[in-house]
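Below: one structure, written as structure tokens.
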Ligand SMILES: [Zn+2]
């Protein structure tokens with residue numbers, strides 16, 4: 001389980017975000033909420049978009065070269081956050097994406 005720190009990247013770095021760890025764009029989650037979110041994202045990607053799952057043999061570089069358009073990766077994340085906990089994190093996810101794009105902190 002990769003839980004980098006309390007500040008959650010709604011747009012994970014392995015899907016192309018370059019927002020530094022701990023940046024104020026990110027959202028501070030409790031350890032429990034953070035771990036639960038990462039577990040749910042992993043399970044959801046495994047079921048729906050296994051080619052976007054980060055893991056052995058599937059690094060961020062491999063995933064972003066396979067899905068070269070950041071919009072495609074963000075759209076998959078949008079689908080995840082739309083259903084996770086009834087969309088409770090969707091607005092925060094979209095706000096982070098907007099700030100990330102405005103600052104050019106992605107690839
Ligand atoms: Zn996180």
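Can you spot a residue in the stretch 29-36 that is modelled with pLDDT of 95 or more, crowded, with 16+ Cβ neighbours inside 10 Å and outside any loop (DSSP other than H, G, I, E, B)?
Checked against the condition, which is being modelled with pLDDT of 95 or more, crowded, with 16+ Cβ neighbours inside 10 Å and outside any loop (DSSP other than H, G, I, E, B), the stretch 29-36 yields no hits at all.
Could we say that residue 3 is part of a loop (DSSP other than H, G, I, E, B), within 12 Å of the ligand (Cβ to nearest atom) and at pLDDT 95 or above here?
Numbers: part of a loop (DSSP other than H, G, I, E, B): yes; within 12 Å of the ligand (Cβ to nearest atom): yes; at pLDDT 95 or above: no.
Spelling it out, it is not the case that residue 3 is part of a loop (DSSP other than H, G, I, E, B), within 12 Å of the ligand (Cβ to nearest atom) and at pLDDT 95 or above.
Go through the residues of the stretch 41-60 one by one and say whether even a single one is within 12 Å of the ligand (Cβ to nearest atom), under 24 Å from residue 71 (Cβ atoms), part of a helix (DSSP H, G or I) and in contact with a helix residue (DSSP H, G or I) (Cβ under 7 Å, 6 or more places away or on another chain).
Scanning the stretch 41-60 turns up at least one residue that is within 12 Å of the ligand (Cβ to nearest atom), under 24 Å from residue 71 (Cβ atoms), part of a helix (DSSP H, G or I) and in contact with a helix residue (DSSP H, G or I) (Cβ under 7 Å, 6 or more places away or on another chain).
Which one of 22, 86 is surrounded by fewer than 18 Cβ atoms within 10 Å (Cβ to Cβ), without any contact (Cβ under 8 Å) to a residue 40 or more places away in the chain and farther than 21 Å from residue 7 by Cβ?
Exactly one residue qualifies, and that residue is 86.
Of the conditions (1) within 11 Å of the ligand (Cβ to nearest atom); (2) part of a helix (DSSP H, G or I); (3) surrounded by 18 or more Cβ atoms within 10 Å (Cβ to Cβ), residue 11 satisfies every one except a single condition; which number is it?
Checking residue 11 against (1) within 11 Å of the ligand (Cβ to nearest atom); (2) part of a helix (DSSP H, G or I); (3) surrounded by 18 or more Cβ atoms within 10 Å (Cβ to Cβ), the one that fails is (2).
The values are calculated or read from the model by the stated rules, or taken from the named source; none is laboratory data. Keep in mind that this is a model prediction, so the values were computed, not measured. Quick reminder, even Gly has a Cβ in these numbers, built from the backbone with ideal geometry, and neighbours come from all protein chains shown.
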